[in-house]
Structure formats: structure tokens, C-alpha cells
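Read through the structure below, which is laid out as C-alpha cells, and then see the notes.
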Amino acid sequence: MQVLGSPRSFLMDTSCGTLLRELQHIWTEIGESEADKDRMLLELEKECLEVYRRKVDEASNAKARLHQSVAVKEAELAALVASLGELNLHSQTEKRLASLKEQLASVAPLVEDLRIKREERIKQFAEIKTQIEKINGDISGYFHSNDVVANHFNVDEHDLSLRKLNEFQTHLRTLQKEKSDRLHKVLEYVNEVHCLCGVLGLDFGKTVSEVHPSLRETGPGQSTNISNDTLDGLAQTILKLKMEKKDRVQKLKDIVASLFELWNLLDASEEEKNRFRRVTCILGTSEQEVTASGVLSLEIIEQAAAEVERLTKLKAGRMKELVLKKRSELEEICRRAHIEPDMSTAPEKSCALIDSGIVDASELLANMEAQIMKAKEESMSRKEIMDRIDKWLAAREEESWLEEYNQDENRYSAGRGAHINLKRAERARVTVNKIPGIVDNLMSKTFAWEDERNTPFLYDGVRLVAILEEYKITRQQREEEKRRFRDQKKLQDLLLTEKEAMYGSKPSPKRSNSFKKANGIRANGNGSMTPMPRRVSIGSATPELLTPRSYSGRHNGYFRETRRLSTAPLNFVALSKEDTISFAASVCGSEPGSPPQG
């Protein structure tokens, strides 16, 4: 039995041969038989074969173990590569080496590196999953301690690839953004609840604690709850607070409106009003604009309601006085506008209604206020015409003054103020000449007003157009009487002139005195009757000193009667046409030789 193929086998052959030859030499010297020699050599060969067989078996076992180790390592390497997604490493292990030990030596470091990388990757997955679970707990409202969270996760070691890690990281970022958005929304809700509680005067801490305790204060390791239940609870709380705010705003507005009404009725002082200045500003603002702290608190509302109750009781005692005051206000407005007030709210009727209890005083006041508003509106619509009426009345006053001035025999005297009166008379004549135009313009405006409103324009209960038409007729009659008076005067002067020419210039003393007294004519130095010289002002509407005193007195009374329009006819001349003719006939027929009267 020889093992060839190596230096070690050659040496073994040499040593075994030498030992075998030495053993045979010893057996020869001993005298062993050939059979014994063959038997002992056979036993020796068996022993050698057993040794070789044992060594081969050991070598085979060692090879099998190496194969298994290599297979295990390669399998672990493949699993790690598949788990970590390291495809580039897997491609490197495809190359087969000559010996198993070399293969094992090349795979073992890769496996070790991948084991370390796997542990790091598992740690990364665990951290990300821990954060995801914690955020999910924040969102769902179920909190876990860190140990519970760590034990809760079983990382899937079959897929530890970067792709899977990126998916978890993306999911984590999505949850982090959702958490940030929820936290921002919670803070917005909490701030809105804080503002509403401030306006309503409510306890903010107690209000948000009813939704979740973490909204009021957070302890160590405790974060603000951002779950759906918290968001829904805050939304419901805000809705309830807004409804409460709306109700209180409306309630306070009603109270403030009642306060203003009572203050106006009772003429409340500024000091009383200033006590509630903080809440009175709410009347003209919208619900969203009411943001002052505590302005809608129950205490403020109760104080305002108590004030309304107090003023209501006070109003009941002063209602009759207020009704009479409003009636006086209505009558004053009607007086200035020359409107007839509604007699249904006359003082006597109002007092009787209040005393009898048939009508509520507030309704009566409301009716009075409506009449006042209506009277003010009508007064505004009549303003232009009323201004023109005032202009007409002022012109009539100037006309009255001019009539009196023209009858003053001393108007041209050099007394104090004579030049002022003279200037005023000139201005008055210009104004008087404008009266027909003023009246026509006033009538056209009045007709337009009546056509627009389809109702007559009444002045102190009388239609203004009727008053103006009667005034125009009266003025025409007065002008006609003035004209007849001038004609009579001319006839009188003509008769006197003929008298002087026929009978001489010296009348009898008795007749002369009578004539002077009746007509203001005096005798000259020769005893003849001559009229007194008259000065006629240029531009005057009527000759001076030709209007009798009776006309002047009645005309002045026409304008002095509280400047109210009147329709009564005026007596502008004291002597009628028949009286003048009879007077002239008596003068002409009193002397002998008078011409016969036809």
C-alpha cells in the first residue's frame, strides 16, 4: 500500500520499507515461521488500513463540516443580502473559489459586515417605527410609555432594504406633518376658545379642561392631545361658545336699545349714560366686531338688565309728563311749519287715555314719535315753500311800514334818523314792487308741490293757494281803490280851481275852515282856497299822503296779527267815490251863483 503523488508519501515509503525490512530481519533472527510472518504482516496491513480509514473518515467529516459551514454562511449571506437589498454584494459571492476554507474565509467577513449593517438597519427601523407609533398614539389619543412602544414592535427582518426604510421615513414625515397641522389647528381652536371665553367672561382653563386636560397644562413627558376627539371637542366647544355669544349679543342689544329708549324718554344725564358706555357701543356693531374682554359677561348683562328694570319703573311714574312733553314737541314742530297737529293725541285726550288705562303709555309715546317723525318729514318737504312764504310776509311787512311812512307828515324833517328812514323807504319800494312776482312764484311752487303729493298745501288749516288768490284779488281791489282815489283827488282839485276862477279866491271863514279840516287845504293870503303843495316820491307805489288814516291803521293790523295769513278784505280808502262827489258838490254849491248840479 503506497500513497503516491507527494514528497510526504515518498518519505513514508522509505520509512515504512526500512522498518519493514528491519522487522523481517528481527523475525528471522527470532526464527519466526513464514506463516507467522505472513500473519503478522497481514495484521500490520489491517492496522495500517484502519488508521488510514479513520483518517479518511475524519477528513471526510471535516470536509462535510466545511461544506456545511460554507453553505450556512452563503445561506446567511444570501438572506442578509435579500433582507438588506445589497445586490452588489450578492453578485460578488457568485464567484466560486478552489478550496472550502478559502470560500469560508471570503464569505465570513461579508456575513459579519452584513450582520452589523442589519443590526443598525433594525435599530433604524425600530426608531422610525417608535416615532410612527408615538405619533399615531398622539393622533388616536392612546399614549404608551417608551418601553411599551419598544416592546410593541416586531421589526420585519425579512425586508430591511433601503426602499422599505425610505417608505417608513416617508410615512413618518407624513405623520409628522399631520401632527404639526393638527397641533396648529388645536392651537387655533384653543386661541379662539380663549378669545370667546374672554368676551363672555368664562373660565378659560375650566372650559378647555372639559375637552382634554392636556389643553390647559402639560406635565413632564406629556404632550398636547391632538386626537380627533380633541379636535371635535374643541370645534363643538367653539360652536357652543359662538351660539352663546350670539344669544348674549342679541340679548344685550335688546337691553341697550331699551336703555337708549328709556334714556331719551327720561332725559337721562350723561353721568348715568357713562356708567354703561362700555356696552352701549355694541348697538351699532356686528357680532364679529364684539371682542372687548368681558363685555358679554353675565355680570354686565345683569347690570344692564337691572338698569332697564329700574328705568322702566321710573318711566311708569313719569309717562304722563313724557306724553305731554312729546305733544308739546309735536305742536312746536307743527306751529313752525304751520301744520295742524293730529288731534287724536291732544293733551286732554292723552291724559284721559293714560288715566283710564285703555291705551298703554308706551304705545301712545310710539304713536307720538311717529307723528313727530311724520311732521318733521312734512316740514322738510314744505321748507322751500315756507321760506318763500316768509319772504312774502317780510315783503308785506315792508309794504305796511312804507304805508305808515308815507302817511307821516314829518318824514322829511331834519330830525335824527330821517335819512335812515328815507333809505329804508327806497328799499321798501323796491321790495313792494316785487310782491306780485313773489306771489306768482309761490303759487307755482305750491301747485308743483300739490301735484307731486296729490294733496293740498295747507297753511294753518287753510289751503295756501286760496289764500294767495284772495290776496291777489284783494291787492287788485286795493290798487283799483287807489286809482279811483287819485281820480277823485284830481276831480276835487279841478273843482277847487274852477271855484277860484268863478267866485274869487276868498271863501267865507266858516267854509274855509270846514274845507281845511276835511281836506287838509288852507287859504292863501288873498283869502282864496288853494290846495297845499304835495311832494310825490319818485318810484312810490302810491302817492304820498293820499291814503287816509283809516286805511293805514287797518292795513297795519293785517300784518301784525302774529304773521298769520288772513283772508279778510281790507278797507284801503276812507272815502268812497260817492262821498267824494257829494263833498265836491257841497263845496261848489255853497256859494251864490254855483253852477247847477247835473
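Rolling a 1.4 angstrom probe over the protein heavy atoms with all chains in place gives region 328-453 an accessible area of 56 Å² per residue. According to the square roots a ≥ b ≥ c of the eigenvalues of the Cα gyration tensor, what is the shape class of region 265-399, taking rounded for a/c under 1.5, prolate for a/b larger than b/c otherwise, and oblate for the remainder? In terms of gyration-tensor shape, oblate. Atom-type composition of the exposed protein surface of region 360-456 places 50 percent of the accessible area on carbon and sulfur (1.4 angstrom probe).
Counting protein heavy atoms only, region 37-78 has 58 percent of its accessible area on carbon and sulfur, 1.4 angstrom probe.
Note that region 258-265 has calculated 3J(HN,Hα) couplings of 5, 4, 4, 4, 5, 4, 5, 5 Hz, one per residue in order, obtained from phi through the Karplus relation 6.51 cos²θ - 1.76 cosθ + 1.60 (θ = phi - 60°); glycine and proline are x.
Among Lys179/Lys242; Lys325/Lys445; Lys251/Lys313; Lys273/Lys315; Lys179/Lys245, which pairs are too far apart, with a Cα-Cα distance over 24 Å? Correct reply: Lys179/Lys242; Lys325/Lys445; Lys179/Lys245. Divide the volume of the convex hull around the Cα atoms of region 322-414 by the residue count and you get 133 Å³ per residue. A convex hull fitted around the alpha carbon atoms of region 237-316 yields 86 Å³ per residue.
Surface composition of region 234-344: carbon plus sulfur atoms hold 52% of the accessible area, using a 1.4 angstrom probe and ignoring ligands, DNA and RNA.
The values are calculated or read from the model by the stated rules, or taken from the named source; none is laboratory data. Fair warning: this is a prediction, and the values are worked out from it, not measured in the lab. The area values use the complete protein model at the heavy-atom level, side chains included, leaving out ligands, DNA and RNA. Shrake-Rupley method; radii C 1.70, N 1.55, O 1.52, S 1.80 Å.
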